[in-house]
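Derivation of every value follows stated rules applied to the coordinates shown; laboratory data play no part. On a predicted model such as this, the values are computed, not experimentally measured, just so you know. Here the Cβ is made from the backbone with ideal geometry for all residues, glycine too, and neighbour counts use every protein chain on show.
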Amino acid sequence: MARIPLLQLNDISLTFGGDPVFSGLDLVAQPGDRVALVGRNGSGKSTLMKVMAGLVEPDSGEVIPGPGVSVGYMEQDPDLAGFETLGDFASHGLEASEMYKVERAGEGLKFDPARPVATASGGERRRAALARLMAGEPDLMLLDEPTNHLDIEAIAWLEAELKQSRKGFIIISHDRAFLRALTRATLWVDRGQVRRQEKGFADFEEWRDAVWDEEDMQRHKLNRKIKAEARWAVEGISARRKRNQGRVRALQDLRAERASQISRQGTAAMALDAGRKSGRKVVEVDGVTKAYGDKVILRPFSLTVQRGDRIALVGPNGVGKTTLLNMLIGKETPDTGTIKLGTNLELALFDQARAQLDPEMSLWDSLTGDPDMRVSGKADQVMVRGAPKHVVGYLKEFLFDEAQARAPVRALSGGEKARLLLAKIMARESNLLVLDEPTNDLDVETLDLMQELLGNYDGTVLLVSHDRDFLDRVAATTIAMEGDGHATVYAGGWSDYIRQRGQDDFAQSVVKSKGSDPKDKPKSAPRTGLSFTEKHRLEVLPDEIARLEAEIAKLEELMSDPELFTANPVKFQKATDALVARNEKLQEAEEEWLLLEEKASA
């Protein structure tokens, strides 16, 4: 017997600002669907979700919910106007007998239902909106970035709830681990087209790359055909003009086909320059403590941060991760103990609240008004890693178009604000990079690029994140803040931390701080084999070595020209410096590969 769809979209077309977002879109959501909705920032994911929820009306087409089907939508910026407390908002529409559902969701998602709306933070408002959706139990749940502003405990609760739910759901999220655990199908929004694959997010990247490879092959064939037809048009048309007008029209059609193809959006041209090296010891922490009144943030804690370390801080919201981070960089003073910062430190900070961005300023003014980026006497240029660049040109490197340059920051999406802040940070040289929740709102491709940049960054990275996949890919050391002031240092990323604690199930991976006794804390298991980060390095190093060898060969070929030194001494010196630098990097890469290979074999 055929199932009745929860929701059906027929021939949907929608245009914003003259540009088509969707055209002729057909889509069906079935009972029990567990779908990841993915795509680049700005591709229309949230817009599509709002069309499904009935909040955005398409220009044409139909949105048809199934008979008796309820559709619930959790938006990124909920409107709580007219409600006194978060609990009033979360329980709206529920019977008195169902109020326990809000209390249960409040406990799992960690928000206080009694909190007045007027004093609630953006994160608390989002958690209240998520609790309202979960308590309402609609037949189809539409979740737009539900893990933003959730700590790892709350993500575990939400993941467990959705796993056992029989309701259908569609999720937009940057959290790879969350999507892999929950989804069984994928909707991919790409240049106005929505494709569906009956496999979860775990298979998305392989599918995406296969589609793009096929697209590139077809474009290559089309270009070859156009080239051949164009040569015929020039060389052979004069003697056969009347008989071959059809072939001329076919050539015009081929060119029109190529012109109509929409190019894929590239990745942001992000780059990190560590500048001059810091001292070998970046931060030395000895017996540090911190408390606010009766709340103990940190009991005696010691740590040495060496140049090149990748250190992540994890733990529930409110345990003091950002406080410890601020103490490590000298922004806060400990109650007791000492913190000694190393020499030649050049700090770049990516803050969770995006406080470095003024929502009323334009993107242009955000960059030119930054003292570190200002170019004296040049109102239309900014200083980028020591060299002046035009403001619009630099914004384009981070995927902003010229029309956005004079728009206010408040008009940007969450992902665009994150990219703008990255543009400010990456304009300056830094050898100590501090990232507080950097992954929020970024798409998969930008996250991939950021992970690659951090892997090649010569400086030191201190990071706070609740994104387990990102932690695994970036962190080499994890500091777990587990409540009551206890902070424990573990080798490796998130998965290494969980394994060392002897906890394989994610839902049980975070120790509850209430009533816990430090004596009951499980002992660390001995670490064996390669960490996730080390495995990743072992996989990518051969390609890195091959690339360096190819670059060295090109430089050696260039320098083999006996006339180069006399004809262009500046070019000769640059090639010499580049050759020395690449030989050093090649030696380091080969040594790293040998060490990791030995460790893997052992």
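This ranking places 591, 346 by how few other beta-carbon atoms lie within 10 Å of each, fewest first, which gives 591, 346.
Placing +1 on the Cβ of every Lys and Arg and -1 on the Cβ of every Asp and Glu, with nothing else charged, gives the chain a dipole about its Cα centre of roughly 1220 debye. Each of 74, 559, 383 was scored by other Cβ atoms within 10 Å of its Cβ. Arranged with the fewest first, they read 559, 383, 74. Count charges around residue 184 for me, please; just the other residues with Cβ under 13 Å from its Cβ, Lys/Arg as +1, Asp/Glu as -1. So the environment of residue 184 carries a net charge of +2.
With a cut-off of 9 Å between beta carbons, the residues surrounding residue 78 carry a summed charge of 0, where Lys and Arg count +1 and Asp and Glu -1. Taking other C-beta atoms within 10 Å as the exposure proxy, 560, 430, 13, 362 rank 560, 13, 362, 430 from fewest upward. When the C-alpha to C-alpha distance is required to be over 27 Å, the pairs from 331/424; 167/199; 110/163; 424/571; 290/535; 45/167 that qualify are 424/571; 290/535. The Cβ shell under 15 Å around residue 551 holds other residues with a net charge of -4, Lys and Arg each +1, Asp and Glu each -1. A cut-off of 5 Å between modelled amide H atoms, ignoring neighbours fewer than 5 places along the same chain, links residue 34 with 169, 184, 185. Across the range 431-443, coupling constants 3J(HN,Hα) worked out from phi with the 6.51/-1.76/1.60 Karplus curve, θ = phi - 60°, read 10, 9, 9, 10, 10, 9, 6, x, 8, 4, 6, 7, 7 Hz, and Gly and Pro carry x.
Taking amide H as placed 1.01 Å from N in the peptide plane, residue 435 has its amide H under 5 Å from the amide H of 350, 462, 463, 464, each at least 5 places away in sequence or on another chain. Annotation: the antiparallel percentage among DSSP beta bridges lying fully within the chain is about 55.
Taking every DSSP beta bridge that has both ends in the range 110-231, the antiparallel portion is near 50%.
Taken about its Cα centre, the range 532-601 carries a charge dipole of roughly 260 debye when the Cβ of each Lys and Arg holds +1 and the Cβ of each Asp and Glu holds -1.
Run the numbers on the chain and let me know its relative contact order in percent, using alpha-carbon pairs under 8 Å that are six or more apart.
Here the relative contact order equals 12 percent.
For the range 83-122, the square roots a ≥ b ≥ c of the C-alpha gyration tensor eigenvalues yield an a/c of 1.5 or more together with a/b not exceeding b/c, which makes the shape oblate. Is the chain rounded, prolate or oblate when judged by the Cα gyration tensor, a ≥ b ≥ c being the square roots of its eigenvalues, rounded requiring a/c under 1.5 and prolate requiring a/b larger than b/c? Cα axes put the chain in the oblate bin. Work from the charge dipole of the chain (Cβ charges, +1 for Lys and Arg, -1 for Asp and Glu, about the Cα centre) and give the residue of 301, 357, 82 farthest towards its positive end. After comparing all options, I get 357.
In order along the range 296-301, the phi-based Karplus estimate (6.51 cos²θ - 1.76 cosθ + 1.60, θ = phi - 60°) of 3J(HN,Hα) comes to 8, 8, 8, 7, x, 9 Hz; Gly and Pro are listed as x. When the square roots of the Cα gyration tensor eigenvalues are ordered a ≥ b ≥ c, the ratio a/c for the range 13-114 is 1.5 or more and a/b exceeds b/c, which makes its shape prolate. Under 5 Å between amide hydrogens, built in the peptide plane, is the criterion, and for residue 85 it picks out 117 among residues at least 5 positions away or on other chains. Between 381, 457, 94, the Cα set farthest toward the positive side of the dipole of the chain (charges on each charged residue's Cβ, about the Cα centre) is that of 381. Using equal-weight Cα scatterers in the Debye expression, the normalised intensity of the range 560-599 in log10 at q = 0.19 Å⁻¹ is -0.61. Across the range 179-184, coupling constants 3J(HN,Hα) worked out from phi with the 6.51/-1.76/1.60 Karplus curve, θ = phi - 60°, read 5, 4, 6, 10, 9, 10 Hz, and Gly and Pro carry x. For the range 359-429, a crude dipole built from +1 on the beta carbon of Lys and Arg and -1 on the beta carbon of Asp and Glu, taken about the Cα centre, is about 100 debye to the nearest 20.
Report D for the range 359-429 in µm² per second (integer): Stokes-Einstein, Kirkwood Rh on Cα pairs, 4 °C, 1.567 mPa s.
After rounding, the answer is 109 µm²/s.
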